[in-house]
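Step one of this worksheet: look at the structure below.
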Amino acid sequence: MNIRDIAAEAGVSAATASRALTGKGRVSAATVERVRSVADRLHFQPSEIARSLSSGRSHSVGLIVPDITNPFFPELMAGAESAAKALGQTILLAAAPGAVSAREDLRLLRSRGVDGFIVVGNPFASSAQLREAAGARPLVVVDRAESVTDISTVVSDHVEGATLAVRHLLALGHTRIAHISGPSELDVTALRVSGYEREMRAAGLRPVVVEGGFTADCGADAVCRLLDGPQPPTAVTTANDISAIGAMNAVFSRGGRVPEDLSVVGYDDIALAALVRPGLTTVAQEIGELGSRAVAELDRQMSGDLAVRTVPLRARLVERCTTRAPS
Ligand code: RIB
């Protein structure tokens, strides 16, 4: 059974039958319906390998993320996967915490013939090394892209996000606001620290930054260091929602309350932020958009438009129940 049998049964040419089944090209709705009903009745499944050989494309995209245990990245992937499916593409996911595994994943995905790559951050020392590891294939860097050059990127405005968090707490009357930062080696950490410090200084306040990280343990450890210090804060902005939840649990373990004893603002707005109790006030990134816009960027490059550009996404505050005026 092949496409020619389906075409003959449906009374159309093989090319028309192929277009009707792949959704590519102009075919009347009636013809599409007729061809698809014949294909269903004859249990015909087009061969992806044959399609790839004829089109020279695998219709798949490699997505490399640093950590699939952090809910942020599966939500980013969901956005990418939805956009890819609408284009008749599939996403091949790889988790690479560092340059060595990223180089290996890029090689492996190239051997699978992916049409292009979406990479969260640049795991290599330079953009040229990333470009070289990705071969001549279309490439987009998302999220952690401050130091990337000559490669299209899709990024959130991390300075804006950190600023929104501080302004929210200032508006509630807090003056002792500390920031629990992310991993110091990441550009997103530096951007958020700079947004926090700029806003605190603009309000005539002393910034207090402690390095935390993107895990619950990092958030718990950092908030305990702050609360055991000489001038405990009345509010904290955190590296991400997971570290904010860790910080909240540490406050609860010490017999404290959120927000009565400490206001907490997260970062990302992963689905969990609305489910924890109290609901986490946080800075929302357009997480799914990071993925879907990256797929659109790749598709643009695959269509021959190789102009390098940056797609900026906004941050916004989502107010829930972990912040209030200082008691
Ligand atoms: O939670 C994971 C963090 O790493 C997010 O804030 C995201 O920006 C990524 O860089």
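Does region 85-94 contain any residue that is in the same structural domain as Val142 (by TED's automatic domain parsing), among the charged types (D, E, K, R), more than 16 Å from the ligand (Cβ to nearest atom) and part of a helix (DSSP H, G or I)? Show your work before the answer.
Filtering region 85-94 for residues in the same structural domain as Val142 (by TED's automatic domain parsing) gives 85-94.
Applying the additional criterion that residues be among the charged types (D, E, K, R) yields 85.
From what is left, the residues that are more than 16 Å from the ligand (Cβ to nearest atom) are 85.
Now narrow it down to the ones that are part of a helix (DSSP H, G or I): 85.
Yes, the conditions are met somewhere in region 85-94.
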Completion exercise
Within region 104-120, the residues that are closer than 18 Å to Ser147 by Cβ and modelled with pLDDT under 95 are none
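Mind checking which strands (runs of 3 or more DSSP E) fall wholly inside region 243-327 and carry at least 2 residues that are more than 19 Å from Thr69 (Cα to Cα), modelled with pLDDT of 95 or more and open to solvent by 10 Å² or more (accessible area, probe 1.4 Å)?
Numbers: elements: 263-268, 281-285, 310-313, 315-318.
Per the criteria, 310-313, 315-318.
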Handout entry: Every residue from region 65-112 that is open to solvent by less than 70 Å² (accessible area, probe 1.4 Å) and closer than 22 Å to Asp305 by Cβ
Key = Gly79, Ala80, Ala83, Ala84, Leu87, Gly88, Gln89, Ile91
Problem - Cβ pairs under 6 Å, 6+ apart, first in region 191-212 and among the charged types (D, E, K, R), second open to solvent by 20 Å² or more (accessible area, probe 1.4 Å) - result: Glu197/Pro207; Glu211/Ser184
Completion exercise
When restricted to Arg300, Arg309, Arg293, Arg225, the only residue assigned by TED's automatic domain parsing to the domain that holds Met200 and basic (Lys, Arg) is Arg225
Completion exercise
Counted residues in region 165-206 being in a loop (DSSP other than H, G, I, E, B), within 13 Å of the ligand (Cβ to nearest atom) and either surrounded by fewer than 16 Cβ atoms within 10 Å (Cβ to Cβ) or among the aliphatic types (A, V, I, L, M) (or both) come to 3
Practice task
Taking Val159 as the residue in question, decide whether it is within 16 Å of the ligand (Cβ to nearest atom), in a strand (DSSP E or B), on the phi < 0 side of the Ramachandran plot and open to solvent by 10 Å² or more (accessible area, probe 1.4 Å).
Solution key: no
Problem - Index of the failed condition, Thr22 passing every other in (1) in contact with a Ser or Thr (Cβ under 8 Å, 6 or more places away or on another chain); (2) β-branched (Val, Ile, Thr); (3) open to solvent by less than 70 Å² (accessible area, probe 1.4 Å) - result: (1)
Completion exercise
Filtering region 115-138 down to residues that are in contact (Cβ under 8 Å) with a residue 40 or more places away in the chain, out of contact with any Asp or Glu (no Cβ under 7 Å at 6 or more places or on another chain), not in a loop (DSSP other than H, G, I, E, B) and not aromatic (Phe, Trp, Tyr) yields Gly116, Ile118, Val119
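The values are calculated or read from the model by the stated rules, or taken from the named source; none is laboratory data. Here the structure is a predicted model, which is why all the values come from computation and not from measurement. In this analysis, Cβ positions are derived from the backbone assuming ideal geometry, glycine residues included, and neighbour counts consider all displayed protein chains. For accessibility, only protein heavy atoms count, side chains too; no ligands or nucleic acids. Shrake-Rupley method; radii C 1.70, N 1.55, O 1.52, S 1.80 Å.
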